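Note sheet for the following structure.
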Amino acid sequence: MAVFTEVPPQDARALLCHLQLGELLELRGIEGGIENTNYFLTSDQGEFVLTLFERLSAGQLPFYLYLMKHLALGGVPVPDPRADRNGDLLHSVCGKPAAVVNKLRGKSQLAPQGAHCAAMGALLARMHLVGRSFDRHQPNLRGLPWWNATAPLVLAHVGAPQVALLRSELAYQNHVAASPAYAALPRGPVHADLFRDNVMFDGEELTGVFDFYFAGVDAWLFDLAVCLNDWCTDPASGAHDAARASRMLGAYQAVRPLSAAERALLPAMLRAGALRFWISRLWDFHLPREASMLTPHDPAHFERVLRERVARPVRV
């Protein structure tokens, strides 16, 4: 959530007027993240988040915005996109497609304990079940085709051990994706980026999930694997934390039990989740875009996670 496009206050005022959200009191850029421009937008009617989309097109964006609206209507605590007088959720600011959502209460829990992991597991399962009735379809744009296309762009920037791992893991994931077991995985809308900093808590109460702009239709198991790799991993070594993972998996399965195919492919999907974020962090680190307040994440973390998941497969 860096700032690539500076929004003048008069543009924010015009947007608030267009959405009938009151008078502007404060406009503040949000630091962190790497994809879109984000501001906290405070009016006399409440607190909101303004997002200007820097990479996604106006044709792609309705999927994300209407998915959030669908989940909100289904009782899932997610940001609810604000519509204009015509019912449109997608707007324009500074020549960029934009959206305004309500600001969630609470704060991110960056050192989650078992209770936080359990809450995340239960909510993720609920999200998957509510999302089944969503009638729009868009693939996960950061899925396997993107990995295959992007990995060659970063190979020149890494050493021989990293080149070997990238190539071998891509070959493995292409093999898995072509298998009947993978085709049997239950699918639907997934968040695909449910890291700790995209979830809000008030104490141990999970108050909201946000940043759906990597969402797409994919295997639900991939979504769960992304969560496990971030929430249930030792940050220093990349090792799997079995105690926290047990809480997350138990809570998830209490709402939606995993199928036999999902249980069998969990080790492969944990590797897939690590590979996806290793590639994207390599790309952002070595081929960055200019932005105010932009700090790329360290790619080495997900290299460690991937090596750990290859060396020590995680079973359910």
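Return the carbon/sulfur percentage of the accessible area of the chain, one whole number, probe 1.4 Å, all protein chains in place. Within the chain, the accessible surface is 54 percent carbon and sulfur. Quarter the surface of the alpha carbon convex hull of the stretch 1-138 and you get the mean projected area, 9.1 square nanometres. Per residue, the solvent-accessible area of the stretch 99-199 (1.4 Å probe, heavy atoms of protein chains only, all protein chains present) comes to 45 Å². Seen from residue 104, the other residues with C-beta closer than 13 Å to its C-beta sum to a net charge of -3, counting Lys and Arg as +1 and Asp and Glu as -1. Under a model in which nothing but the beta-carbon of Lys, Arg (+1) and Asp, Glu (-1) is charged, the stretch 203-306 shows a dipole of about 320 debye around its Cα centre. Solvent-accessible surface (1.4 Å probe) assigned to residue 218 amounts to roughly 20 Å². For the stretch 234-316, the spread of Cα coordinates along the three principal axes comes to 44, 28, 23 Å, biggest extent given first. Measure nothing but the geometry: give the 0 to 90° angle between the long axis through the Cα atoms of 114-131 and the longest principal axis through the Cα atoms of the chain, rounded to 10°. Value to nearest ten degrees: 70. Taking every DSSP helix (H) stretch of at least 4 residues in the chain, weighting each as -39,500 (n - 2.57) and dividing the sum by the residue count yields a mean residue ellipticity at 222 nm of -14500 deg cm²/dmol. Note on the chain: antiparallel DSSP beta bridges, both residues inside, total approximately 95 percent of the bridges counted. The local environment of residue 126, defined by Cβ-Cβ distances under 15 Å, has a net charge of 0 under the rule Lys, Arg +1 and Asp, Glu -1.
Mind grabbing the base-10 log of I(q)/I(0) for the chain at q = 0.11, 0.15 Å⁻¹? Debye formula, identical points on the C-alpha positions, no solvent, two decimal places. For the chain at q = 0.11, 0.15 Å⁻¹, log10 I(q)/I(0) is -0.69, -1.29. Extending 7 Å from Cα along the Cβ direction at residue 234 and again at residue 40 yields two label points whose distance is 3.6 nm.
Please compute, over every Cα-Cα pair in the stretch 73-116, the percentage with a separation greater than 15 angstrom. When all Cα pairs of the stretch 73-116 are counted, 62 percent exceed 15 Å. Restriction of the GluC sites (Glu not before Pro) in the stretch 5-75 to DSSP coil positions whose beta-carbon has at most 13 other beta-carbons within 10 angstrom yields 6, 23, 31. Highest mobility in the GNM of the chain, judged by mean-square fluctuation with C-alpha springs under 10 Å and restricted to 15, 224, 306, is found for 15.
Of the GluC sites (Glu not before Pro) in the stretch 236-316, the ones in a loop by DSSP (not H, G, I, E or B) with at most 11 other beta carbons within 10 Å are 290.
Considering only 310, 108, 30, the residue lying farthest towards the positive end of the dipole of the chain is 310, judged by Cα position with unit charges set on Cβ. Express in whole angstrom the spacing between the alpha-carbon centres of the stretch 185-264 and the stretch 52-110. Taking the Cα centre of each part, the stretch 185-264 and the stretch 52-110 sit 21 Å apart.
Based on alpha carbons, the Rg and Dmax found for the stretch 188-263 are 12.8, 35 Å. Restricting the stretch 76-165 to trypsin sites (Lys or Arg not before Pro) that sit in a DSSP loop and have at most 16 other Cβ atoms within 10 Å of their own Cβ leaves 85, 103, 105, 132, 136.
The values are calculated or read from the model by the stated rules, or taken from the named source; none is laboratory data. Note that the structure is a prediction, hence the values are computed from the model and not measured. Reconstructed Cβ throughout: ideal geometry from the backbone, glycine too, with neighbour counts over all protein chains shown. Protein only, heavy atoms only, side chains kept; ligands, DNA and RNA dropped before computing areas. Shrake-Rupley method; radii C 1.70, N 1.55, O 1.52, S 1.80 Å.
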